[in-house]
Amino acid sequence: MELLEGIRTRRAIRKFKDKPVPNEVIERAIENAKWAPVAPPFRQWEYAVATNATCSRLATLINANSIHLKHMLDTFGEKERSRIIEYYRTLGNSRCLVFVTIPSTDDQWERKYKILSVALELQLFLINLHAEGLGACGLTIPLVTEEKILKILGLEGRELVVGFTLGYPDESPEPVPRERAKITFYDD
Ligand SMILES: Cc1cc2nc3c(=O)[nH]c(=O)nc-3n(C[C@H](O)[C@H](O)[C@H](O)COP(=O)(O)O)c2cc1C
């Protein structure tokens with residue numbers, strides 16, 4: 001897949017085929033994502049990939065706690081809100097959930113660099129998944145659910161950066177329009 005084409009054709013996928021994703025495909029997408037730029041001392045994140053019973057348990061938990069996102073959902077229009085609630089209800093029938101965690105820290109400087117580095121890698125992860133014919137969608141997870149997820153995964157004490165649903169796409173969404181970037185050139 002050509003680079004720019006891959007960047008432009010990736011979409012958040014919220015509906016998945018009932019087809020398991022081989023672990024080696026996810027592993028390859030993560031390994032290839034490691035070519036992202038990184039602040040080396042902060043490369044301390046981990047991926048937790050949940051399938052089968054663990055995936056179902058986590059999906060039930062996320063669904064049951066989506067009420068905590070009410071304040072965020074209220075900012076959307078009725079149609080969009082129903083679509084998001086439906087996504088949280090089914091998680092797009094995803095058979096695989098991926099969670100990315102970093103070691104907890106009170107140091108804001110350290111935390112900023114950890115999150116920035118992991119975010120750069122995750123963008124490449126999503127592009128690599130797309131190149132593998134897979135799709136994914138980020139999951140906004142409220143704090144109360146974060147603690148429970150970490151408990152199920154046995155990762156208490158770490159900070160959950162983000163979760164994704166993941167699988168073979170069963171939809172081809174239209175692109176979401178982007179606003180023009182806010183850029184200030186200081187060239188005098
Ligand atoms: C950190 C993060 C969290 C997200 N959380 C959600 C979510 O909770 N529910 C959802 O439907 N989409 C979620 N998304 C997906 C975005 O809505 C989506 O990427 C955005 O609308 C742009 O669409 P595109 O990815 O197809 O270009 C999330 C994306 C990111 C990066």
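Every number here is computed from the coordinates shown, using simple stated rules; none is lab data. These figures come from a predicted structure and were not determined experimentally. With ideal geometry, Cβ positions are generated from the backbone for all residues, glycine too; neighbour counts draw on all protein chains shown.
A few comments on the model shown:
- Sum of -39500 (n - 2.57) over DSSP H runs of 4+, divided by residues of the chain (222 nm, nearest 500): -13500 deg cm²/dmol
- Under 5 Å between amide hydrogens, built in the peptide plane, is the criterion, and for residue 162 it picks out 100 among residues at least 5 positions away or on other chains.
- Dipole magnitude of the chain about its Cα centre (Cβ charges: Lys, Arg +1; Asp, Glu -1), debye to nearest 20: 480
- Listed peptides 45-56, 123-134, 106-117 by packing density, highest first (mean Cβ within 10 Å): 123-134, 45-56, 106-117
- The convex hull built on the alpha-carbon positions of the chain has an orientation-averaged projected area of 13.2 nm².
- Each residue of the stretch 56-62 was assigned a 3J(HN,Hα) from its phi angle through the Karplus curve 6.51 cos²θ - 1.76 cosθ + 1.60 (θ = phi - 60°); the sequence is 4, 4, 5, 4, 4, 4, 5 Hz, with glycine and proline shown as x.
- Mean silhouette area of the stretch 95-136, derived from the convex hull of its C-alpha atoms and averaged over all directions, reads 3.4 nm².
- A simple rule links phi to the HN-Hα coupling: the Karplus curve 6.51 cos²θ - 1.76 cosθ + 1.60 with θ = phi - 60°, which for the stretch 175-188 gives x, 7, x, 9, 6, 4, 5, 8, 10, 10, 9, 9, 10, 8 Hz, with x for Gly and Pro.
- Listed by chain and number, the lysines whose C-alpha is less than 30 Å from the C-alpha of residue 17, apart from same-chain residues fewer than 8 away, are 34, 70, 79, 148, 151.
- Taking all pairs of distinct alpha-carbon atoms in the stretch 1-78, Kirkwood radius in angstrom: 16.6
- Packing-based exposure ordering (other Cβ within 10 Å, fewest first) of 121, 179: 179, 121
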